Amino acid sequence: MLGLPRRIVKDSIQSTLSSMAETSSVPLDKSGTAIRDMFAGVAPRYDLLNHLLSASLDVLWRKRATAILALPPGAEALDLCCGTGDQATALRQRGARVVAADFCVPMLAIARRKFARQGVPRPRALAADALALPFASRSFRGATVSFGLRNVANLDAALRQLSSVLRPGGKLVVLEFAIPKRQPLRGLYLFYFLRLLPWIGRSISPRGSAYTYLPNSVLGFPQRQEFLDRMTAAGFTDVAWEDLSGGTVCIYQGRIPG
């Protein structure tokens, strides 16, 4: 790795692994004010850092989520925690009529500028809280949440909100970061995720603390079967997960019965 002696790399990875328990136990402030302010601070560099830190794989992940949702042209879709609008754009490109919702107005402002350059029907950007969605029940044929659910203060409440606005037979697709299960990728990834990524974030963004929050939020988020259990408890059936990019990202899906 980067020309370093193998023993130094091994010791660094071991140090990272041994600190995981301490890192994951750090309490995170997921209050609405804290999360809103954090993302408002990184909004101007958000897209740049997303593409840089993922080597632009985030574009492929979002396309995969859209393909799994598999909505027919013209179907109504919700993209919750939409951020700067990339997932909503991917849905629109497949013909969905998209409502893009987020409670961080500076992120929505960037999304609206993107949507204004697109053909009709353009996604509709709406300020909305994942814990109190302003939609009638059974409003949408499908929904996506890309890298957003780990930031909500009450995951189970957010999943119940999503289940309530989906029609019978409607599908939810969730993209989230994950920790690879197999070595040596697991150790190498954690070394990057916990040591290098926060440093890169601080170097590029004036609110680099968000990139220390990021790995901590991933370590504390339920992954794979544990997340599927939460989806089931919220009323979803036919739940499944799939690892992407060696298990650094996981894609989840489930349906509303009927």
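Keeping to the stretch 132-159, report how many residues are farther than 22 Å from Leu219 by Cα, free of Cβ contacts under 8 Å to residues at least 60 places away in the same chain and under 20 Å from the mean Cα position of the chain (by Cα). Break it down into steps so the answer makes sense when it comes.
Quick first cut of the stretch 132-159, residues farther than 22 Å from Leu219 by Cα only: 132-143.
Going one step further and asking which of them are free of Cβ contacts under 8 Å to residues at least 60 places away in the same chain, we end up with 132-138.
When the remaining residues are screened for being under 20 Å from the mean Cα position of the chain (by Cα), the result is 132-133.
Of the residues in that region, 2 qualify.
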(request) Check Asp238, Asp156, Asp243 and return the single one that is surrounded by fewer than 21 Cβ atoms within 10 Å (Cβ to Cβ), in contact with a Gly (Cβ under 7 Å, 6 or more places away or on another chain) and either among the acidic types (Asp, Glu) or in a helix (DSSP H, G or I) (or both). (result) Asp238
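Got a sec? Which helices (runs of 4 or more DSSP H) wholly within the stretch 51-135 have at least 1 residues that are farther than 24 Å from Val152 by Cα and of a type in the set (D, E, K, R)? Break it down stepwise before answering.
Numbers: elements: 57-69, 86-93, 105-116.
Here the list reads 86-93, 105-116.
Kindly establish whether Pro121 is more than 18 Å from the chain's Cα centre (by Cα), touching a residue at least 24 places away in the same chain (Cβ under 8 Å) and surrounded by fewer than 20 Cβ atoms within 10 Å (Cβ to Cβ). Quick ask: steps written out before the conclusion?
On the way: more than 18 Å from the chain's Cα centre (by Cα): yes; touching a residue at least 24 places away in the same chain (Cβ under 8 Å): yes; surrounded by fewer than 20 Cβ atoms within 10 Å (Cβ to Cβ): yes.
For Pro121, the condition - more than 18 Å from the chain's Cα centre (by Cα), touching a residue at least 24 places away in the same chain (Cβ under 8 Å) and surrounded by fewer than 20 Cβ atoms within 10 Å (Cβ to Cβ) - is met.
Kindly provide the set of residues from the stretch 167-183 that are closer than 15 Å to Arg255 by Cα and under 19 Å from the mean Cα position of the chain (by Cα), ordered by number. Steps first, answer last, please.
Filtering the stretch 167-183 for residues closer than 15 Å to Arg255 by Cα gives 167-174.
The answer is Lys171, Leu172, Val173, Val174.
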(request) Pull up the stretch 222-235, narrow it to residues that are part of a helix (DSSP H, G or I) and charged (D, E, K, R), then point me to the one that is surrounded by the most Cβ atoms within 10 Å (Cβ to Cβ). (result) Arg230
(message) When you check Leu175 against the structure, is it touching a Phe, Trp or Tyr at 6+ places or on another chain (Cβ under 8 Å), closer than 24 Å to Thr212 by Cβ, of a type outside the set (Lys, Arg) and part of a strand (DSSP E or B), yes or no?
(response) yes
(message) So if I check each of Leu194, Leu219, which one is of a type outside the set (Asp, Glu), modelled with pLDDT under 90 and crowded, with 17+ Cβ neighbours inside 10 Å?
(response) Leu194
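Can you tell me which residue within the stretch 69-84, out of those that are under 22 Å from Gly41 (Cα atoms) and of a type outside the set (Ser, Thr, Tyr), is surrounded by the fewest Cβ atoms within 10 Å (Cβ to Cβ)? First the steps, then the outcome.
The first filter runs over the stretch 69-84 and keeps only residues under 22 Å from Gly41 (Cα atoms), leaving 79-84.
Next, only the ones that are of a type outside the set (Ser, Thr, Tyr) stay: 79-83.
Values: Asp79: 34, Leu80: 29, Cys81: 26, Cys82: 29, Gly83: 23.
The qualifying residue surrounded by the fewest Cβ atoms within 10 Å (Cβ to Cβ) is Gly83.
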(message) With closer than 17 Å to Ile251 by Cα, modelled with pLDDT of 95 or more and touching a strand residue (DSSP E or B) at 6+ places or on another chain (Cβ under 6 Å) as the only criterion, which of Leu108, Leu60, Leu126, Leu71 stands out?
(response) Leu71
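The values are calculated or read from the model by the stated rules, or taken from the named source; none is laboratory data. Source: prediction; values computed, not measured. Don't worry about glycine lacking a Cβ; one is built from the backbone with ideal geometry, like all the others, and counts go over all protein chains shown.
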